[in-house]
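One structure is given here, and the rest of the page talks about it.
The values are calculated or read from the model by the stated rules, or taken from the named source; none is laboratory data. Keep in mind it's a predicted model, so treat the numbers as computed, not measured. As a convention, Cβ positions derive from the backbone with ideal geometry for all residues, glycine included, and neighbour counts pool all protein chains shown. Please note that ligands, DNA and RNA were not included when accessible areas were found on the heavy atoms of the full protein model with its side chains. Shrake-Rupley method; radii C 1.70, N 1.55, O 1.52, S 1.80 Å.
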Amino acid sequence: MPERIVTMPGSTDQFVLTERPAPTLAHRYRPLPTGMDHTHLTVVPAHHVRTGDIVTAFFTDGPGTRHAEHVPEAFTAHPRPLGSCPQQCEECEDTHARRAAADRYVCLDPADDHADCVIVFRNTPVAIVPATTAARFPPLDSIPQLPDLFTLTDAGTGPYEALPVSRGWSPFATISVARATAEQIAADLPHTHAGRHLTFHWLHDSLLIASDPRRRTDPGRPGRLIQPDADGRYRIGGLWAWQEWSTPPCPDCSTTTEPVDIEGERVWRCTAADCTRRTYGTGDPDDDDDLPPYTETDPDGATIVYHGTGEIDIEATAELAAQDGPDEDDQAAE
């Protein structure tokens with residue numbers, strides 16, 4: 001990946017700037033406007049960020065060489081003193097609870113309907129596109145927001161793509177999904193604990209979610225008819241709890257995992273360089289015993305057999321190596 005190494009006035013550290021990662025299921029990075037990239041970035045202490053600058057990344061801890069840690073969604077800075085939050089957000093409440101000295105921090109962007117305040121130490125290195133440079137490119141909001149991802153609180157379903165929700169959204173509120181996603185939800189829910197009392201029927205363009213009268217536990221809430229809005233989207237919710245979806249952590253080292261499909265099944269693989277762990281991500285380690293085994297070839301050309309979880313199957317690997325070894329008759333002839 002292309003990178004630049006820059007310095008910051010008043011610091012002996014070196015800051016490594018990289019291209020913004022492409023969005024994946026594991027890493028939700030909203031792209032920058034067309035043409036804007038890491039070559040337009042500079043590094044300044046947080047208290048030097050000015051209104052109109054675009055904040056794109058912070059950095060790993062120093063001293064020495066410090067690598068960019070991209071923020072999921074770059075934002076236009078609106079610096080203001082600590083303690084002037086217009087939304088009474090959690091970030092400000094936590095900072096206030098720590099009795100932090102206001103002159104040691106700076107708020108780079110105040111809270112809005114979707115995000116809390118961005119509060120950092122005054123001298124925190126920040127990667128920015130200066131406002132004068134950003135003015136040459138399309139505005140940030142010209143890039144569509146990435147969809148939010150949701151699942152159920154008691155099942156490994158999804159993820160289901162929905163329009164971004166507000167900061168005050170609650171698990172029993174609705175999410176807005178496309179027709180294909182609504183169909184997937186209708187297919188998944190009957191097989192989960194949350195949907196065990198519900199039936200799903202399509203009536204032309206409308207989705208009827210009804211309570212099965214034979215198993216109804218809440219007679220006062222038999223269900224609802226969900227019709228598409230003017231954009232053809234379905235607002236689904238209120239009958240079970242949604243949960244914001246995230247990739248499961250590695251069971252061994254807690255590192256972020258990434259999805260990989262094996263034999264038609266979704267499996268999560270640890271992204272740490274020194275860890276081969278795979279998991280179904282259900283939280284139940286017994287489930288991982290059913291992961292399909294696999295083989296890989298090492299740099300010397302030897303075939304290594306792995307259990308589905310990523311542990312080396314020593315017996316199978318040794319047996320395979322014996323089969324590939326020199327024939328005893330050939331050794332005797334030599």
Mean residue ellipticity at 222 nm from the helices of the chain, using -39,500 (n - 2.57) per DSSP H segment of n ≥ 4 over the full residue count, to the nearest 500 deg cm²/dmol? -3000 deg cm²/dmol
Find which of P138, V267, G301 sits farthest along the positive direction of the dipole of the chain, computed with +1 on the beta-carbon of Lys and Arg, -1 on that of Asp and Glu, about the Cα centre. P138
Once R98, R266, R30 are ranked on solvent-accessible area with the largest value leading and a 1.4 Å probe, the list reads R98, R266, R30
Order V267, V120, most accessible first, counting only protein heavy atoms with a 1.4 angstrom probe. V120, V267
Using unit Cβ charges (K, R positive; D, E negative) and no other charged atoms, how large, in debye to the nearest 20, is the dipole of the chain about its Cα centre? 3000 debye
Obtain the nm distance between the two label points defined at A180 and T12 by a simple spin-label model: each point lies 7 Å from its Cα along the Cα-to-C-beta direction. 5.5 nm
Report relative contact order for the range 227-303 in percent, whole number only (criteria: Cα-Cα under 8 Å, sequence separation at least 6). 18 percent
Connecting C-alpha atoms closer than 10 Å in a GNM of the chain, tell me which of G232, G264, G308 has the biggest fluctuation. G264
Identify which of the listed values of percent of Cα pairs over 38 Å apart was calculated from the structure shown: (i) 32; (ii) 37; (iii) 9. (ii)
Accessible area per residue, Å², the range 1-109 with all protein chains present, probe 1.4 Å: 56 Å²
Report the Cα centroid-to-centroid distance between the range 127-199 and the range 1-64 in angstrom, as an integer. 26 Å
